[in-house]
Amino acid sequence: MGRLPRRAFATAALAALSGLGTAGDVAASPDPAARRGRAAPRAVRGMWLATASHRDWPSRTGLSPARQRAELLAHLDTAVRLRLNTVFFQVRPAADALWPSPYEPWSEYLTGVQGRNPGWDPLGTAVREAHVRGLELHAWFNPYRVSGQPDPGRLAASHPARVHPDWTVRYGGKLYYDPGLPAVRTFVRTAMLDAVRRYPVDGVHWDDYFYPYPVPGEVFDDDAAYAEHGTGFPSRAAWRRANIDKLVRETAAAIKKIRPGVRFGISPFGVWRNASTDPLGSPTRAGVETYDDLYADTRKWVKEGWIDYICPQLYWNIGFAAADYAKLLPWWARVVRGTGVQLYAGEALYKAGEPAQPAAWQDPAELSRHLTLAAKYPEVKGHVFFAAREAAADRTGAMARIVADHYRQPARPPR
């Protein structure tokens, strides 16, 4: 079959400084269960809060800082109302920043102009306000995506990709950093970790963008980087996977040094490899395999213990022939078993009630059934829902059904 869908926002083209919170802010929202003499269960109940192309926040450009802040806090309040406990906030959507970074420009999604100071600190505010509400805040970064258009000259004058156009590759009408260049790897790691140094975030989070998704008829032109740095590898594919492995491994080590206790997790496309490609793979017929197409050896990262959690995007319904949720979830449970790496299931809330989706997604109980199934696997330590806009609107009542069936009592994030 053709390529399976990934994040809903992936088809899209690619806001006075607030005081910072402290880890102690979490105590501002006491656990009712603890007051009754018993601890609340531990499980991640999360939602993604996407900023790329105004997917979830801010709703549009041109909003005042006060309006942007109000919208952001409304999303955090939604999380509390739904008895969630973790928000994954996209703070580096495209080689830019939603905090005053010394390395990269302010995101255009705040003011409409890349590099323009919005007059406040969204990440600092999000961390503080999440902790006040008893929520964890994981800072979500995209390592290599630069722009939804291919011309470095259209970036802010100070943008590193404009200063170093040799760091970039044009592909599929977009612009990416070349993961094969050691200078790029060092830079993107430094830029992301600046946020970890500045703020008491609870986690560092990446999603599914490593090498870009394949574009038919196009070649990702990393010939020069491969010629200079690919010696000793059996193939370009092996070299590319090694490049991503290094970024994962080096970032994990740096996080532990900068802010011990901060968790590092990744949310990849849900299929590592099909069993028809590799006997270790899942019983799927996916058109994309992260190992082969994105050069992301997600299974290896778990087995090596480089990450603290993995949250595969299991964005298919139970019974979907090419990638059955009921088969993929047990496969991932087996992958993490005995590793110490936690497994969270990425859930496609955005599909609930979407007219273009199969009949299963028209049933408000589909996602609740996912959680019922997952309860049979002790390796599954929670669920994360894509995304905040749908969590707030809940057009079919799918999220309300989850709360009623599974989230009647509060839960604490696992450690």
Take the conditions open to solvent by less than 40 Å² (accessible area, probe 1.4 Å), at pLDDT 95 or above and either outside any loop (DSSP other than H, G, I, E, B) or out of contact with any Cys (no Cβ under 6 Å at 6 or more places or on another chain) (or both) and apply them to L72. Does it pass?
yes
Looking only at the range 127-142, which residues are part of a loop (DSSP other than H, G, I, E, B) and closer than 17 Å to S53 by Cα?
N142
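Condition check ((1) surrounded by 23 or more Cβ atoms within 10 Å (Cβ to Cβ); (2) within 17 Å of the chain's Cα centre (by Cα); (3) of a type in the set (A, V, I, L, M, F, W, C)) across all residues:
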residue	(1), (2), (3)
R263	no, yes, no
S267	yes, yes, no
S276	no, no, no
D293	no, no, no
W306	no, yes, yes
I'm trying to understand the selection: among the residues of the range 299-324, which are assigned to a loop (DSSP other than H, G, I, E, B) and either touching a helix residue (DSSP H, G or I) at 6+ places or on another chain (Cβ under 6 Å) or among the aliphatic types (A, V, I, L, M) (or both)?
W306, I307, P312, L314, W316, N317, I318, A321, A322, A323
Of everything in the range 94-135, what is open to solvent by less than 20 Å² (accessible area, probe 1.4 Å), among the charged types (D, E, K, R) and farther than 24 Å from G173 by Cα? Give them in sequence order.
D121
Restricting to the range 283-298, name every residue that is in a helix (DSSP H, G or I) and touching a Ser or Thr at 6+ places or on another chain (Cβ under 9 Å).
T290, Y291, D292, T298
Pick from E390, E379, E366, E347: which is open to solvent by less than 10 Å² (accessible area, probe 1.4 Å), acidic (D, E) and under 26 Å from L137 (Cβ atoms)?
E347
Quick one: A225 ticks every box in (1) outside any loop (DSSP other than H, G, I, E, B); (2) farther than 18 Å from D245 by Cβ; (3) more than 18 Å from the chain's Cα centre (by Cα) bar one, so which box is it?
(2)
Look at R116 and say whether it is more than 30 Å from R45 (Cβ to Cβ) and part of a strand (DSSP E or B).
no
Condition first: over 23 Å from I310 (Cα atoms), open to solvent by less than 10 Å² (accessible area, probe 1.4 Å) and out of contact with any strand residue (DSSP E or B) (no Cβ under 6 Å at 6 or more places or on another chain). Now tell me which residues in the range 179-220 satisfy that.
G180
Out of (1) in a strand (DSSP E or B); (2) touching a Ser or Thr at 6+ places or on another chain (Cβ under 9 Å), the odd one out for A191 is which?
(1)
Can you tell me which residues in the range 380-406 are among the β-branched types (V, I, T) and under 20 Å from F269 (Cα atoms)?
V380, V384
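The values are calculated or read from the model by the stated rules, or taken from the named source; none is laboratory data. Source: prediction; values computed, not measured. Methodologically, a virtual Cβ is constructed for each residue, glycine included, from the backbone with ideal geometry; neighbour enumeration extends over all protein chains shown. Note: areas computed on protein heavy atoms with side chains; ligands, DNA, RNA excluded. Shrake-Rupley method; radii C 1.70, N 1.55, O 1.52, S 1.80 Å.
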